[in-house]
Amino acid sequence: MTVADYSSAKSGFIEWDDVLWFENQGNGVHQLKYARKIGANKYVPASLSISVRNSEGGQDLVEHVMTQAYENTIKRKRLLVLINPHGGPGKATSIYRKHGAPFFAAAKCHTEVITTTHRYHAQEIAKDLDLSKYDAIVCCSGDGIPHEVMNGFAERPDAMKALATMPICQFPCGSGNSLAMSLNGTGSPSRAAVAIIKGSPMKVDLMRLSQENKTAVSFLSQTYGLVADCDLGTENMRWMGGQRFAVGAVMRTLSATTYPCELYVKYAHVGNDAVKKHFNGMKREQHSKGIRQEEPNQAEGALTPPKFGTLNDNVPEDWTKLSLPDLSFFYVGKMPWMATDAFVFPACLPTDGYLDLITWDATIGRVSSLQLLLQIEEGQHIHSKQAHYSKIEAYRLVPKIPKGYLSIDGESYDFKPFQVEVLPAAGCLLSMHGIYANREDL
Ligand code: ADP
Ligand code: MG
């Protein structure tokens, strides 16, 4: 629904979603604060004065506008804002001041802002956080701060409740920004700010990772090989922002680098056609109702123990063993976009209970590899028979090279064997639409 925007000479409209505040300032003069669209996915805070002659209806009008504007969510959210000054090209503080804070002020949100001073700072904060004090956690960062917050929650005695009930969102300031992109379909900070103000809790599957003596939670991805190398091996190109991924990938593809490993997989849907069918069928169900948390989540207790054991246990018998001496691309995850220009998992669903897996070998050749990398931008690689796409429940990866990178949600982990399984509907994001932005049939 829309209300007329009388401020512009041309007749225009303000979406209810973009209305931030409306109040009576006395004598029939009302002030409307809203997010004014100034370009594709770009917004600035704006205000309008509206005189209502018959002021008797004033209170009803305010109530009506505010109810419509906040139909699906609470007003005046209490936000814990965590700023990573190191994220992406290092501009998080100024991006937040320019494109975040003014919207939150206009919507009269309560903000408590903490700038992280070191790696794991956000994790320490989350571990001891009083959950009753906030309605959401806003990560002004790339994907590293959401990862840390979830892992801080995972360490708590009430881990399952913290993960399932405290909505986490991203105000995109990093190199990857998968979370904001997957929720909003854009990496625009101002769009994310509006989505945070108007967002409500959305359930998502998480992933439980175990390594020798280590347990972690992952919400986005595990990568080994080409992608991990490009993510973590390009720290010296951080100034390039997101482009460092692309440059790194092309460099490594041209050199036909391989990343041998043994992979053990508990498959659910194997192959691109089966994955597309699963997505098209289940998407309607998930997207038609949205994945909002209508009922309070009953999760409680510490992080649930692994269903399929750990690396100390034998691989379950029904898992498939793959020896991959020529592996190039390996990516497992639970978000459709890995970065604003990398639509890696077009068939990703928030709570289908599966991890998405894509691999390809260097044996397909440099030209095909480069083609696939280029196709990822629009998600077209999933129509290629050379990229192997599956839905899986769990897997174990044992690297067969002495040195390399392992990237978990874009964070560097010890280069050691690891095992991952899905944690169905264990996480909670703050989402404006209750769904991800990949809505087209495949
Ligand atoms: P990017 O998208 O650029 O990777 P992230 O937000 O993912 O940005 O963060 C990158 C890394 O920065 C994470 O490992 C995070 O723990 C770390 N970090 C957070 N705060 C600081 C800080 N104050 N100084 C240095 N590193 C930090
Ligand atoms: Mg990161």
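Laid out as a table, the results:
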read-out	value
Coordinate range along principal axes, alpha carbons of the chain, Å, largest first	77, 47, 44
Cβ-defined net charge surrounding THR253, 14 Å radius [Lys, Arg +1; Asp, Glu -1]	-1
Within the range 149-192, backbone nitrogen closer than 15 Å to the virtual label 7 Å beyond the Cα of GLN243 toward Cβ	175
Cβ-defined net charge surrounding VAL315, 10 Å radius [Lys, Arg +1; Asp, Glu -1]	-1
Cβ crowding within 10 Å averaged over residues, with 343-351, 364-372 ranked highest first	343-351, 364-372
Ranked by how many other beta carbons lie within 10 Å on average, peptides 275-281, 352-358 from highest	352-358, 275-281
Principal-axis tilt of helix 272-289 within the chain, Cα atoms, nearest 10 degrees	20
The range 245-367: radius of gyration over Cα atoms, expressed as a fraction of 2.2 N^0.38 Å	1.30
Computed label-point distance, nm, for sites THR111 and ARG76 using a 7 Å Cα→Cβ extension	1.8
Spacing of the two label points (7 Å from each Cα toward its C-beta) at VAL398 and LYS385, in nm	3.2
Mean-position separation - Cα centroids, the range 81-135 and the range 260-277, in angstrom	38
Helical contribution to [θ] at 222 nm, DSSP H n ≥ 4, -39,500 (n - 2.57), averaged over the chain, rounded to 500	-7500 deg cm²/dmol
Potential extension, GLU212-GLN375 segment - 0.36 nm per residue separation minus Cα distance	55.1 nm
Over 27 Å (Cα to Cα) - which of LYS385/LYS416; LYS214/LYS321; LYS214/LYS334; LYS266/LYS385; LYS75/LYS98; LYS42/LYS391 fall in this group	LYS385/LYS416; LYS42/LYS391
Isotropically averaged projected area of the range 362-442, using the convex hull of Cα atoms (one quarter of hull area), nm²	7.9
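Taken together, the values in this text are just the output of simple stated rules run on the coordinates, not laboratory data. This structure is a prediction, so every number in the text was calculated from the model and none was measured. Positions of Cβ are backbone-derived with ideal geometry, glycine not excepted, and every protein chain shown enters the neighbour counts.
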